[in-house]
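Please treat every number below as a calculation from the coordinates, not as lab data. Since the structure is predicted, the reported quantities are computational estimates derived from the model, not experimental observations. Heads up, the Cβs are rebuilt from the backbone with ideal geometry, glycines too, and the neighbour counts pull from every protein chain shown.
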């Protein structure tokens, strides 16, 4: 009887559910493969999964769990092949896809088992499978969409993954207990009871898993906000310290100018005049060079100029700084400080100095202030959910610069757009005036 009940759940249904659950995340997370490779990998995985589950469908209970673990291992390999995420993130995604597939197959089979006498032929059953799987997939996408905007939520530690693994393992064992052991206080005695227990336990397990992920997402959002605020403060403090230094230099500059003017008027030997001229020429290097019409923006640019000169970066600036008068000093520091830092960081590694180009512009476009920072970019940049993906290994602690720019723009009702065209990376910020 136990073996007959086990066979009552078509293995092809489980294989399709596992394949669909994995494929969902191809559209939600960073992709390692292009669509043709993804489609080919999906076809291969589906074929192998159907073959393996069908081959092991009638095995003894002792071998059932090892066979399931092999199938789960195949899901992991498939996910790692199509997704550009770490091994730990892939394992966490595997936990979710497995739980989704289990619920998807159990829910559909319970409906089909209950309405079996009403289903006329295989096509009706096929339509039911398609409808239920599509509904569950749509629900998963809606739940995941908000949480996968920032893929940092998937860059979890082993300590964070462990509770999720316990949830999935517990739900899987409890939902399949009646198929393995009939004589326990938690096993169902009738076929309908067994299917109901499996569906409900899988549903509860999935709900617990998403509840846990929601908690992780809130924690991640709090950490991210804390880091962004720290970055905003650091940019502002950096500007204030630099501005104080510039003010001192300006004072010395003007004092020495007056002293030199008095000394030059005196009757001195020719060599003294040459020495004074040399001093005057040296002082010119301390003279503030940027005049954008906004003192804060001048300070930020002057701060970056020595690094750009040292690394032979060509910097052009066409700005109407008066347009920024309505913005707070901290917000100006955040947008321009981070934007210029990212542009300099991108071009400074280019071997050809002629390609180290950064351009900044601030202009009025109708009722908007348009801020643009462009830099040469000869490598592909991946844009995910509107943000460029950091090329640094530590995703958790990088990428906050662009987020802080977006966060600041949103404070004024504006938005940020990133684009790469003709080897030119463009950051554009539009803020209502």
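Here are some notes:
- Virtual spin-label span in nm between residue 143 and residue 379, 7 Å along Cα→Cβ: 3.7 nm
- Förster radius 22 Å - calculated FRET efficiency between residue 87 and residue 134, Cβ distance, rounded to 0.05: 0.10
- Peptides ranked, highest mean first, by Cβ atoms within 10 Å: ranges 402-410, 97-105, 82-90: 97-105, 402-410, 82-90
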